[in-house]
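The values are calculated or read from the model by the stated rules, or taken from the named source; none is laboratory data. Remember, predicted model here, so these are calculated numbers, not experimental data. When we count neighbours, we look across all protein chains shown, and the Cβ atoms used for this are built from the backbone with ideal geometry, even at glycine.
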Amino acid sequence: MNSKEFVEELHAANQKLLDRLRSTEELSSGPEAGMSIRNLLKIAMKNEIEATELAALWMPTTETIDIKMAWARQVGDEAKHYRLIQDRLRQLGEPIDHFNPLAKGYTALFKFLSMLHGTVDRIAAAQFTREAIAVVKNEQFIALCEAKGDPETARLYREIIQPDERFHFELGRNLLEKYATTDELQTSARMTARQTLELAEELQGLIFQETGVHHAPGC
Ligand SMILES: [Fe+2]
Ligand SMILES: [Fe+2]
């Protein structure tokens, strides 16, 4: 199929799995009442640092200039998100200066993504799929912040972070339309996107076990 048709098909397949992630997450369900926004923001910092590092890792191993620069843009944005979340935590009174989000190591999702070699696989996984997950998770997180009476954190996500994550998703869409042009590349990208979603779902399950909440923001 041509690359436009492929991207539409992949998007539809992703949305089906994303609906599954979404449907388990009613705000009123789960024992998240005691879970503070601050703890979720600390999980967000880990997502942001992993997203920054992945894009940085891939920059020197990508020869195609527009893709190289897409990773560069993402490095800057995700690092900016990290700092903004850190600032917000400080405002909320969290002692954050010596907090290391990677102290317990990297997530399985990061380890999987960092092993990807194909440029089209990387775009399908890290931008087109991971950023689509982020958009869903952040919408839920914004609603949670508002429900818990933290409009300032909700505003940070709605006005600054979420538009960037949408932009990363759109970058992924445009690059896939341009470069996912063969059956071989498309088959591989489909599998990679699926694995990304499965690992994200697993990660969400682990966070839920640890914190009792499904609403950790994405990246
Ligand atoms: Fe992002
Ligand atoms: Fe981000």
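Taking the stretch 105-219 as the region of interest, the helices (runs of 4 or more DSSP H) fully inside it that hold 3 or more residues being away from ligand 1 (no atom under 14 Å from the Cβ), farther than 20 Å from Met45 by Cα and modelled with pLDDT of 95 or more are 119-122, 162-179, 183-211.
Filtering the stretch 135-157 to residues that are surrounded by 15 or more Cβ atoms within 10 Å (Cβ to Cβ), touching a residue at least 60 places away in the same chain (Cβ under 8 Å) and in contact with a Lys or Arg (Cβ under 8 Å, 6 or more places away or on another chain) leaves Val135, Val136, Gln140, Thr153, Leu156. The condition (being in contact (Cβ under 8 Å) with a residue 60 or more places away in the chain and either assigned to a helix (DSSP H, G or I) or within 16 Å of ligand 2 (Cβ to nearest atom) (or both)) is satisfied by just one residue among Leu89, Leu41: Leu41.
Would you check if Ile85 is modelled with pLDDT of 95 or more and within 16 Å of ligand 1 (Cβ to nearest atom)?
Numbers: modelled with pLDDT of 95 or more: yes; within 16 Å of ligand 1 (Cβ to nearest atom): yes.
Judged against the criteria, Ile85 is a match.
Only one entry in Asp66, Asp77 is near ligand 1 (Cβ under 10 Å from one of its atoms) and either in contact (Cβ under 8 Å) with a residue 12 or more places away in the chain or basic (Lys, Arg) (or both), namely Asp77.
Any residue at all in the stretch 68-82 that's in contact with a Ser or Thr (Cβ under 6 Å, 6 or more places away or on another chain), part of a helix (DSSP H, G or I) and more than 30 Å from Glu146 (Cα to Cα)? Checking the stretch 68-82: at least one residue is in contact with a Ser or Thr (Cβ under 6 Å, 6 or more places away or on another chain), part of a helix (DSSP H, G or I) and more than 30 Å from Glu146 (Cα to Cα). You will find that of Arg130, Arg122, the residue that is within 19 Å of Val75 (Cα to Cα), in contact with a Phe, Trp or Tyr (Cβ under 7 Å, 6 or more places away or on another chain) and not aromatic (Phe, Trp, Tyr) is Arg122 and no other. Residues of the stretch 36-73 being over 17 Å from Asn138 (Cα atoms) and not hydrophobic (A, V, I, L, M, F, W, C), which ones? Correct list: Thr52, Glu53, Pro60, Thr61, Thr62, Glu63, Thr64, Asp66, Lys68, Arg73.
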